[in-house]
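Inspection log for the structure reproduced underneath, given as structure tokens.
The values are calculated or read from the model by the stated rules, or taken from the named source; none is laboratory data. Bear in mind the structure is a predicted one, so any value in this text is a computation, not a measurement. Here the Cβ is made from the backbone with ideal geometry for all residues, glycine too, and neighbour counts use every protein chain on show.
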Amino acid sequence: MDERTLVLVKPDGVQRGLIGEVVSRIERKGLRLVSLELKTVDRSLAEQHYAEHEGKGFYEELLSFITSAPVAAMVVEGPRAVAAFRQIAGGTDPVEKAVPGSIRGDLALETGSNIVHGSDSPESAEREIKLWFG
Ligand code: RTP
Ligand code: MG
């Protein structure tokens with residue numbers, strides 16, 4: 001049974017010209033791209049997207065980062081798409097957690113600018129796809 005997940009190439013990834021690199025890794029894994037849109041993120045969308053982190057020390061920094069420049073939002077589909085994309089993205093901290101071979105492990109240095117977002121569960125994916133694509 002196929003599943004869907006929401007993937008974002010965050011402002012650092014877009015500015016570094018890494019949209020194609022991320023799409024390529026998604027496709028090579030065997031996942032399919034079903035929607036792709038460049039979006040400017042306003043404060044309200046950012047707050048809803050990152051609601052689970054409200055009140056944490058990095059929350060404000062996270063919101064200003066995600067609203068700082070366009071992101072590439074995509075819906076990605078395939079068997080176990082949520083976990084499969086989290087695997088190719090790598091852990092949140094690109095140095096301490098993400099392994100070499102993953103997007104973050106290969107291409108990022110800092111937790112605050114770790115190139116991609118992927119939904120963390122099928123329930124989050126459903127909520128986030130509605131939020132970003134209506
Ligand atoms: P994402 O939601 O962006 O896919 O990342 P994630 O699941 O791997 O990590 P999450 O815990 O959801 O955190 C969201 C984003 O907030 C930043 N962060 N900074 N300074 C910190 O301790 C810290 N922790 C998280 C990261 O940019 C992370 O991707
Ligand atoms: Mg997360």
Reported set for the range 77-95 where residues are among the aliphatic types (A, V, I, L, M) and either more than 13 Å from ligand 1 (Cβ to nearest atom) or over 30 Å from M1 (Cα atoms) (or both) is A81, A84, V95
Restricted to the range 96-134, and to residues that are in contact with a helix residue (DSSP H, G or I) (Cβ under 8 Å, 6 or more places away or on another chain) and β-branched (V, I, T), which residue is surrounded by the fewest Cβ atoms within 10 Å (Cβ to Cβ)? V99
Check the range 29-39 and report whether any residue there is of a type in the set (A, V, I, L, M), buried (at least 18 other Cβ atoms within 10 Å of the Cβ) and modelled with pLDDT of 95 or more. yes
Cβ pairs under 6 Å, 6+ apart, first in the range 26-37 and more than 11 Å from I88 (Cα to Cα) and of a type in the set (G, A, S), second modelled with pLDDT of 95 or more and not in a strand (DSSP E or B): S35/F133
Scan the range 2-11 and give yes if some residue there is hydroxyl-bearing (S, T, Y), within 15 Å of the chain's Cα centre (by Cα), at negative phi and surrounded by 16 or more Cβ atoms within 10 Å (Cβ to Cβ), otherwise no. yes
Is there a residue in the range 122-131 that is within 16 Å of L18 (Cα to Cα) and within 12 Å of ligand 1 (Cβ to nearest atom)? no
Residue pairs within 9 Å by beta carbon, gap of at least six or interchain, first lying in the range 74-88 and farther than 13 Å from L8 by Cβ and free of Cβ contacts under 8 Å to residues at least 12 places away in the same chain, second more than 12 Å from ligand 1 (Cβ to nearest atom) and not in a helix (DSSP H, G or I), listed first then second, are A83/E3
